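As C-alpha cells, the structure follows; a few thoughts come after it.
The values are calculated or read from the model by the stated rules, or taken from the named source; none is laboratory data. In this text, all values refer to a predicted model and were calculated from it rather than measured experimentally. Reconstructed Cβ throughout: ideal geometry from the backbone, glycine too, with neighbour counts over all protein chains shown. For the accessible areas, the whole protein counts, side chains as well, though only heavy atoms, and no ligand, DNA or RNA atoms are used. Shrake-Rupley method; radii C 1.70, N 1.55, O 1.52, S 1.80 Å.
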Amino acid sequence: MTKKGSTSRAATKGGDDLSLRELLRVPGGKPVDLAAHDARETPAGPRDKQAGQAAITALGAPLADLQERLWAASTAGDRRRVLLVLQGMDTSGKGGTVKHVIGLFNPSGCRIQAFKAPTPKELEHPFLWRIKRALPQAGELGIFDRSHYEDVLIARVRGLVPADEIERRYDEINRFEKSLADDGVTVVKCFLHISYDEQRDRLLKRLDRPDKHWKFNVSDIDDRALWPAYQRAYEIALERCSAPHAPWYLVPADHKWYRNWAVSRLLLEHLSELDPRYPKADFDVADARKRLLEQ
C-alpha cells in the first residue's frame, strides 16, 4: 500500500514492473491506519482521467477473453471461479464499479449480488447463510456489492450484536474464505477507500440532481457522524481478515477513473494467473467437418 506523500516505483514506471496486487495488497496481521493512505492517490495508474478511461477500454478485450475461457473450461469439469468483493463507505463507488468494470464482461457468466440489510428470514440463520447462497458457480465471476463484512462493520459500529460475537465472526470469516479458496474460488476483496471530504461532495451532488435523489439516503448523514468508528471498523477487518488465500486490496477511490482501472487491472492479474484453457473437442473434428461439407 502507498502512504501519503510517497511515490511508488510502479507509479514512476507505469506499473509494468510490479503487479498491482503487490502494490495494493494489505499485508494482514499488521495494524492498518487508513488515515495514512491518501484516497486521491493513483498508484501505478495512468497519468490522468483521459488516459485512465482509455486504459480501461484496452482492458476490455483481454478480460472478456479470459472470462470466456473460464466459462468454457467449466463445461469440461474445471470448478474454478472468481469472487469479487466490493466494500467501502457510502458513495465509494461499489455500484459504479459494477457498472463500469463488470460491463466489460459477458453478463451470462456473471453473478451479481447486492447485499442490503438482512431480511427477517435471513436473520433467522447464521450470518453467512445468505452469503453462501449467492456464491458463484463453476466458471462464473461473482460480484458482491457489500458482503459478509457488513456483519463486522455496521454490526460493530451500531452495536447490533454483542462484542464477543463480533470477535468470533472474524475467525469464522477467515475459515469461510479458506474453504472457498480450497474449493477453487479466487477471492478478490477490494476496499474502496474514499475520503471524508469526497464523500460529502458526492452526497451533495446527489442532492443537486433530482435524477439522483433515489440514491440518497438521509441515514448517510447520520453515518457520517460515525465516520471515525467506521474507519476503525474497516481497519480491524482489513488487519484481521487479509490472508494469503484471500487478501484485501486497498484501492484509492476519490478518482472514479482510477478506481475502475485498478479493479479491472486486479481482475486481469488474477484471471491471467488462473490461465483457463478452452477444453479440447470430445468429438472427431475432421469427421464433423467432412459430414458438413457433404451436406
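Kindly indicate the residue of the range 87-102 that is part of a helix (DSSP H, G or I) and not hydrophobic (A, V, I, L, M, F, W, C) and also most open to solvent (accessible area, probe 1.4 Å) among those meeting that condition.
My answer is LYS99.
Hey, does the range 135-143 have a residue that's among the charged types (D, E, K, R), surrounded by 15 or more Cβ atoms within 10 Å (Cβ to Cβ) and within 30 Å of ALA76 (Cβ to Cβ)?
Yes, the range 135-143 contains a residue that is among the charged types (D, E, K, R), surrounded by 15 or more Cβ atoms within 10 Å (Cβ to Cβ) and within 30 Å of ALA76 (Cβ to Cβ).
Determine which single condition LEU83 fails, assuming it passes every other condition in (1) on the phi > 0 side of the Ramachandran plot; (2) crowded, with 20+ Cβ neighbours inside 10 Å; (3) of a type outside the set (Phe, Trp, Tyr).
(1)
Show me the helices (runs of 4 or more DSSP H) entirely contained within the range 197-278 in which 1 or more residues are closer than 25 Å to ILE154 by Cβ and without any contact (Cβ under 8 Å) to a residue 60 or more places away in the chain.
Fully inside the range 197-278 and qualifying: 219-224, 227-240.
If ASP282 satisfies all but one of (1) open to solvent by less than 60 Å² (accessible area, probe 1.4 Å); (2) of a type outside the set (A, V, I, L, M, F, W, C); (3) part of a loop (DSSP other than H, G, I, E, B), what's the number of the condition it fails?
That leaves (1) as the condition not met.
Report, by residue number, each residue of the range 103-122 that is out of contact with any Pro (no Cβ under 7 Å at 6 or more places or on another chain) and not in a helix (DSSP H, G or I).
PHE105, ASN106, CYS110, ILE112, GLN113, ALA114, PHE115, LYS116, ALA117, PRO118, THR119
Give me a count of the residues in the range 199-216 that are open to solvent by less than 80 Å² (accessible area, probe 1.4 Å) and within 18 Å of ASP254 (Cβ to Cβ).
Residues in the range 199-216 being open to solvent by less than 80 Å² (accessible area, probe 1.4 Å) and within 18 Å of ASP254 (Cβ to Cβ): 5 in total.
Kindly check whether there is at least one residue in the range 156-169 that is part of a helix (DSSP H, G or I), of a type in the set (D, E, K, R), touching a helix residue (DSSP H, G or I) at 6+ places or on another chain (Cβ under 7 Å) and within 21 Å of THR119 (Cα to Cα).
Narrowing the range 156-169 to residues part of a helix (DSSP H, G or I): 156-157, 163-169.
Now narrow it down to the ones that are of a type in the set (D, E, K, R): 156, 164-165, 167-169.
Subsequent filtering for residues that are touching a helix residue (DSSP H, G or I) at 6+ places or on another chain (Cβ under 7 Å) retains 156, 169.
Then keep just the ones that are within 21 Å of THR119 (Cα to Cα); that gives 156, 169.
Yes, the range 156-169 contains a residue that is part of a helix (DSSP H, G or I), of a type in the set (D, E, K, R), touching a helix residue (DSSP H, G or I) at 6+ places or on another chain (Cβ under 7 Å) and within 21 Å of THR119 (Cα to Cα).
Pairs under 9 Å by beta carbon, first residue within 28 Å of GLN231 (Cβ to Cβ) in the range 31-59, partner assigned to a loop (DSSP other than H, G, I, E, B) and among the acidic types (Asp, Glu), six or more apart or different chains?
Between residues of the range 31-59 that are within 28 Å of GLN231 (Cβ to Cβ) and residues that are assigned to a loop (DSSP other than H, G, I, E, B) and among the acidic types (Asp, Glu), the close pairs are ASP38/ASP254; ALA39/ASP254; ARG40/ASP254; GLU41/ASP254; THR42/ASP48; ALA44/ASP16.
On the given criteria, is HIS148 assigned to a loop (DSSP other than H, G, I, E, B) and surrounded by fewer than 17 Cβ atoms within 10 Å (Cβ to Cβ)?
It is false that HIS148 is assigned to a loop (DSSP other than H, G, I, E, B) and surrounded by fewer than 17 Cβ atoms within 10 Å (Cβ to Cβ).
Exactly one condition in (1) modelled with pLDDT of 95 or more; (2) exposed (fewer than 13 other Cβ atoms within 10 Å of the Cβ); (3) out of contact with any Lys or Arg (no Cβ under 9 Å at 6 or more places or on another chain) is not met by SER219; state its number.
(1)
ARG175 is checked against (1) farther than 16 Å from TRP129 by Cβ; (2) open to solvent by 60 Å² or more (accessible area, probe 1.4 Å) and fails just one. What number does that condition carry?
Evaluating ARG175 over (1) farther than 16 Å from TRP129 by Cβ; (2) open to solvent by 60 Å² or more (accessible area, probe 1.4 Å) leaves (1) as the failure.
Check off (1) assigned to a strand (DSSP E or B); (2) over 27 Å from ALA237 (Cβ atoms) for LEU66 and give me the number that stays unchecked.
LEU66 satisfies all of (1) assigned to a strand (DSSP E or B); (2) over 27 Å from ALA237 (Cβ atoms) except (1).
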